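> Let me give you the structure first, and then I'll get to my questions.
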Amino acid sequence: GTAHAQNAFVTADRMVDVESGRLIENAAVLIEDGKVKFAGDMSTVRMAIPEDATRIDLSGYTLLPGLIDMHVHLTSSSDYHGYRGLALSDEMSAIIGVVNAQTTLDAGFTTVRNVGAGSFGDVALRDAINQGMIPGPRMFVSGPSIGITGGHCSDNNLLPEEYKLEGEGVADGPWAARSAVRKNIKYGADLIKTCSTGGVLSKGTKVGAPQYTVEELTALTEEAHSHGLKVASHAHGAEGIRNALMAGVDTIEHASFIDDEGIRLAKKNGAYLSMDIYVTEYILGEGEAAGILEESLEKERMTGQTQRDNFRKAHEAGVKMVLGTDAGVYPHGQNARQLSRMTRFGMTSAEALQAATVNAADALGKGDTIGKLAPGYFADIIAVQGNPLDYISILESVDFVMKEGVVYKSVD
Ligand code: ARG
C-alpha cells in the first residue's frame, strides 16, 4: 500500500554507498520534505530526530538509492510486437503507461528516462505522476523519436504505400530535424531521442546502416543543446555510432557494433553508452511467440552476442556506462535483470550499481539531486534483503520503495 512519510527516520542493517561501492553498517536516513537530511552510520547522526518523523524500521534489510533506468518505453508493451502494434491506439498506450509506471516503481526504479513515445503520451504520464494523480517513477521524457523517412526511430514500415502510414517523428534534412526538436520542446520534451542507424525491431531497416547524415545529426544536436536538452541516439552500427558522437550527442543507445574509433570518441566526449544487454535473451527466447517479425529475430541473432562482447570491451577501455534496458520490448518491472548480465560481461557489482544510480543521474544532468543518498538529494530509497554487492540479482526482488519521501511499497 502507499503511505505518506514526508518526514521520516529510516533505519536498516546496512546501506550501500554506491559511489565508493562500500557498505555502511547500522544505516540511518533522516528525511524532511521529501529530501535527505542525513544518510549514513546511525552512530554519526549529529542532529535531533524530529518528533513528528515517522519511524521506519527496516532491520534485516539493505538500503540503496532508488534505481534509474535510462532506456524504457512505459507506453509500450511486449503484448504489441510486430503487426500487433497496429491495433494499439494512443489511448490504450496511455493506459498501458499508467500500469507500467506502477510496475516499474514497484520494482525499485524511482527514475526512468523514457526514450520515444507516440502522441506525447510520455509527457502526459510524467505530468500525471508529478501531480500525484498516479504512482510512478520520476520521468524524463523525449516525446516522439526523431529520424529519417523509413527510419527506425521515426517511421512505421509495416504497411504498403497505399495506406499512407507515416510515423510522427519523420524529419528529413537539417532544418526539418531542427523543427522537429522545436516541436518536441513545445509539447514538453525533457530530452531528444533520435536514431543514427537502423534497428532490430523495425521492419526493413538494417542495424549496420547509418540513418541521418552527420550534418543532420549536428543540426539536431545543436538545436537540442541550445535549449538545454540532451540527445540520446539509438545506434547499433559502427558508422552511425561515430556519426552521432561526431555530432556531439550525449548518450549512445545499444552501441552494439561500436569500434575502436567509436570508443575513442565516446571517451573524448564524455558520452555515455546505454547498452541493453539483457533484452536479447527475451527476444530470442520469447520473441517469436510475442509476434516479433522473423526478420527482426534474424537481426537479433546477428547483434546480441557482439553487443555483449563490445560491452565488455568498451567498459574495459573506460567508456562511461549507464543502465538502459529497453523495458517495453520485454515486460516492465524486469529492468533489474540486466544488472547481473552487466557483471557477467565485465563489471563489478559496484560498477553495475553505479551505472544504475550515480552515472545515470549524471547522464541526465541531475547528479545533484538523484542517484545517491546524501543531504539535499531526493529521498528515493529502496531496500532489499541481503547484500547486493555480493549478489546483484537480489535487486530483482525489491521489498521497499520510497520516492521523494513517500512510501510506495512497504515491508509489512
Ligand atoms: N529497440 C532496439 C532495436 O529494435 C532493441 C534492440 C535489442 N537488441 C539488443 N541486442 N540490444 O534495435
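The values are calculated or read from the model by the stated rules, or taken from the named source; none is laboratory data. Bear in mind that the values here come from a model prediction, so they are computed numbers and not experimental data. Don't worry about glycine lacking a Cβ; one is built from the backbone with ideal geometry, like all the others, and counts go over all protein chains shown. The protein model used for the area step is the full one, side chains on, heavy atoms only, and it has no ligands, DNA or RNA in it. Shrake-Rupley method; radii C 1.70, N 1.55, O 1.52, S 1.80 Å.
> Tally up the residues in the stretch 137-193 that are among the small types (Gly, Ala, Ser) and touching a strand residue (DSSP E or B) at 6+ places or on another chain (Cβ under 7 Å), please. Steps first, answer last, please.
Just the residues of the stretch 137-193 that are among the small types (Gly, Ala, Ser), to begin with: 142-143, 145, 147, 150-151, 154, 167, 169, 171, 173, 176-177, 179-180, 188-189.
Now restrict to residues that are touching a strand residue (DSSP E or B) at 6+ places or on another chain (Cβ under 7 Å): 142, 145, 147, 151, 154, 169, 171, 177, 180, 189.
Qualifying residue count, the stretch 137-193: 10.
> How many residues does the stretch 1-49 contain that are part of a loop (DSSP other than H, G, I, E, B), over 27 Å from the mean Cα position of the chain (by Cα) and loosely packed, with under 13 Cβ neighbours inside 10 Å?
From the stretch 1-49, those part of a loop (DSSP other than H, G, I, E, B) are 1-2, 5-7, 18-21, 33-34, 45-49; that's our starting set.
From what is left, the residues that are over 27 Å from the mean Cα position of the chain (by Cα) are 7, 45-49.
Within this subset, residues satisfying the condition of being loosely packed, with under 13 Cβ neighbours inside 10 Å are 46-48.
Final tally of qualifying residues: 3.
> Enumerate the pairs (first residue in the stretch 282-297 and at positive phi; second residue anywhere and assigned to a helix (DSSP H, G or I) and modelled with pLDDT of 95 or more) with beta-carbon separation below 7 Å, excluding pairs fewer than 6 apart on the same chain, so at least 6 apart or on different chains.
Gly291/Gly82; Gly291/Tyr83; Gly291/Arg84
Rundown of residues vs (1) buried (at least 17 other Cβ atoms within 10 Å of the Cβ); (2) outside the structural domain of Ser274 (by TED's automatic domain parsing); (3) not polar (S, T, N, Q), yes/no style:
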| residue | (1), (2), (3) |
| --- | --- |
| Ser349 | yes, no, no |
| Ala355 | yes, no, yes |
| Pro375 | no, yes, yes |
| Val384 | yes, yes, yes |
| Pro388 | yes, yes, yes |
| Ile392 | yes, yes, yes |
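> Please go through the stretch 331-344 and give me each residue that is part of a helix (DSSP H, G or I) and either buried (at least 22 other Cβ atoms within 10 Å of the Cβ) or near the ligand (Cβ under 10 Å from one of its atoms) (or both), ordered by number. Talk me through it step by step, then tell me what you get.
First, pick out the residues of the stretch 331-344 that are part of a helix (DSSP H, G or I): 337-344.
Residues satisfying the conditions are Gln338, Leu339, Met342.
> I would also like to ask the following. Read through the list (1) near the ligand (Cβ under 10 Å from one of its atoms); (2) in a helix (DSSP H, G or I); (3) in contact (Cβ under 8 Å) with a residue 24 or more places away in the chain, then give the number of the only condition that Thr325 fails.
It is condition (2) that Thr325 fails.
> Scan the stretch 394-405 for residues that are open to solvent by 20 Å² or more (accessible area, probe 1.4 Å) and closer than 27 Å to Asn7 by Cβ and jot them down.
Applying the first criterion (open to solvent by 20 Å² or more (accessible area, probe 1.4 Å)) to the stretch 394-405 yields 394, 396-397, 399, 404.
Asp399, Glu404, listed by residue number.
> Can you tell me which residue within the stretch 64-111, out of those that are charged (D, E, K, R) and open to solvent by 30 Å² or more (accessible area, probe 1.4 Å), is farthest from Ile381 (Cα to Cα)? Working first, answer last.
At the first step, the residues of the stretch 64-111 found to be charged (D, E, K, R) are 69, 79, 84, 90-91, 106.
Add one more test, that the residue is open to solvent by 30 Å² or more (accessible area, probe 1.4 Å), and what stays is 79, 84, 90-91, 106.
Working: Asp79: 31, Arg84: 37, Asp90: 33, Glu91: 32, Asp106: 12 Å.
Restricting to residues being charged (D, E, K, R) and open to solvent by 30 Å² or more (accessible area, probe 1.4 Å), the top hit is Arg84.
> Do any helices (runs of 4 or more DSSP H) lying entirely in the stretch 86-188 carry at least 2 residues that are among the hydroxyl-bearing types (Ser, Thr, Tyr) and out of contact with any helix residue (DSSP H, G or I) (no Cβ under 9 Å at 6 or more places or on another chain), and which ones are they? Don't jump to the end; show me each part of the working.
On the way: elements: 90-106, 121-130, 174-186.
Because the criterion is at least 2 residues that are among the hydroxyl-bearing types (Ser, Thr, Tyr) and out of contact with any helix residue (DSSP H, G or I) (no Cβ under 9 Å at 6 or more places or on another chain), the helices (runs of 4 or more DSSP H) in the stretch 86-188 that meet it are 90-106.
> Filter the stretch 218-237 for residues that are closer than 14 Å to Asn269 by Cβ, part of a helix (DSSP H, G or I) and in contact (Cβ under 8 Å) with a residue 40 or more places away in the chain and give the result.
Of everything in the stretch 218-237, just one residue is closer than 14 Å to Asn269 by Cβ, part of a helix (DSSP H, G or I) and in contact (Cβ under 8 Å) with a residue 40 or more places away in the chain, namely Thr218.
> Kindly check whether there is at least one residue in the stretch 194-201 that is touching a residue at least 24 places away in the same chain (Cβ under 8 Å), within 11 Å of the ligand (Cβ to nearest atom) and within 19 Å of Asn269 (Cβ to Cβ).
yes
> Looking at (1) among the aliphatic types (A, V, I, L, M); (2) farther than 25 Å from Thr303 by Cα; (3) surrounded by 24 or more Cβ atoms within 10 Å (Cβ to Cβ), can you tell me which one Ile185 breaks?
Of (1) among the aliphatic types (A, V, I, L, M); (2) farther than 25 Å from Thr303 by Cα; (3) surrounded by 24 or more Cβ atoms within 10 Å (Cβ to Cβ), only one is false for Ile185: (3).
> Here is a further query. Might you check whether a residue that is under 19 Å from His71 (Cβ atoms) and open to solvent by 40 Å² or more (accessible area, probe 1.4 Å) occurs anywhere in the stretch 319-330?
yes
> Here's something else I'd like to know. May I ask you to say which residue of Gly66, Gly97, Gly34, Gly85 is on the phi > 0 side of the Ramachandran plot and out of contact with any Cys (no Cβ under 9 Å at 6 or more places or on another chain)? Don't jump to the end; show me each part of the working.
Details: Gly66 fails: on the phi > 0 side of the Ramachandran plot; Gly97 fails: on the phi > 0 side of the Ramachandran plot; Gly85 fails: on the phi > 0 side of the Ramachandran plot.
Gly34 is the lone residue from the list that is on the phi > 0 side of the Ramachandran plot and out of contact with any Cys (no Cβ under 9 Å at 6 or more places or on another chain).
> Related question: Being in contact with an Asp or Glu (Cβ under 9 Å, 6 or more places away or on another chain) and either open to solvent by less than 50 Å² (accessible area, probe 1.4 Å) or of a type outside the set (Phe, Trp, Tyr) (or both) narrows it down to one of Ala238, Ala219, Ala244, so name that one.
Testing whether each residue is in contact with an Asp or Glu (Cβ under 9 Å, 6 or more places away or on another chain) and either open to solvent by less than 50 Å² (accessible area, probe 1.4 Å) or of a type outside the set (Phe, Trp, Tyr) (or both) leaves just Ala238.
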